[in-house]
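All remarks here apply to the structure that follows.
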Amino acid sequence: MAEGGSLSNFFSRIFRKKVAKTPLEEFIATITPEQFQSSYRSVKDPTLRVPAALSTWVLYLAHRFSSGLREMLTSVEKTFETSSSYPYDCVAFEAAAFCHYWVVREFLNADEDEDGEPEGNDYFECLKNSANITSSLLSSKTGFAMPDDLLMKRSIAYSYEEKCKAVRPEEKFANLLISSMQSGSPTKRSPVGIQSSLPLQLCIASYIPIFESTLLAEFKKAARVMFLADQEGAL
């Protein structure tokens, strides 16, 4: 029995249907941490070097999130004996938008009369430029049409609800993620009356805190360090 089971598993791995990658996944799945630096050095305009490097980092994180969530969801669905198609592009977009909000939230959520740090305004411009670069790259690769300002609007939506203490960013992220995955586009709302599957709810609720406390926390710290080092001519 054990031998037969092993042979069965062996052949199932050989003949398992490969999941076709979207153009976006083909593009960002190849990004490595080393490319943050190469992106910085390849840009001729000095004011766009850090934004380009941060955008590359965000795309790397977006792939990590999207592929990681897919892996977790596939595993959980096996337990529930269910399966579903996985809208990689939708997940990657929402993850990228959340990454950008994560680093810009202190500026969007600051009171209007706060002066902030001396480098605050320049850093804020740097982060906005980075978001615009990411938006441009995503719109050229995703399987859905998206307005140029959609990614920035996501950041404003997160900020508005967080400042009003209406919805925590993590909860907002989860809601937008589920809606995008169900509708097939971040520009559309999921159909009324359609409930997300239990495996999807469980995976998103589990994966967001992991992503946030590890990769996002590191990204936020490194983004400011990179900006300050660039200002000092140390890069």
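The table below lists the values:
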quantity	calculated
Residue-averaged 222 nm ellipticity for the chain, from DSSP H runs of 4+ at -39500 (n - 2.57), nearest 500	-22500 deg cm²/dmol
Protection proxy ranking of 56-69, 121-134, 93-106 - average other beta-carbon atoms within 10 Å, highest first	93-106, 56-69, 121-134
Total formal charge among the other residues, if their Cβ is under 10 angstrom from that of SER179, Lys/Arg +1 and Asp/Glu -1	+1
Rh by Kirkwood over Cα pairs, then Stokes-Einstein D for the range 23-163 at 1.567 mPa s and 4 °C, µm²/s	80
Rg/Rh ratio calculated on Cα atoms of the range 152-235 (Kirkwood radius)	1.10
Positive minus negative residues near ARG64 (Lys, Arg vs Asp, Glu; Cβ under 13 Å)	-3
The chain, dipole about Cα centre (Lys/Arg Cβ +1, Asp/Glu Cβ -1), debye to the nearest 20	1180
Within the accessible area of the chain (1.4 Å probe), percent carbon and sulfur	54
Neighbourhood net charge (15 Å Cβ-Cβ; Lys/Arg +1, Asp/Glu -1) for SER206	-4
Peptide ranges 209-216, 222-229 listed from the most packed, as the mean C-beta count within 10 angstrom indicates	222-229, 209-216
The chain - Rg (one decimal) and Dmax (whole number), Cα, Å	19.6, 73
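The values are calculated or read from the model by the stated rules, or taken from the named source; none is laboratory data. This one's a predicted model, so the numbers in the text were calculated from it and none came from an experiment. All Cβ positions, glycine included, derive from the backbone under ideal geometry; neighbour counts span all protein chains shown. We work out accessible area using only protein heavy atoms, side chains counted, and drop any ligands, DNA or RNA first. Shrake-Rupley method; radii C 1.70, N 1.55, O 1.52, S 1.80 Å.
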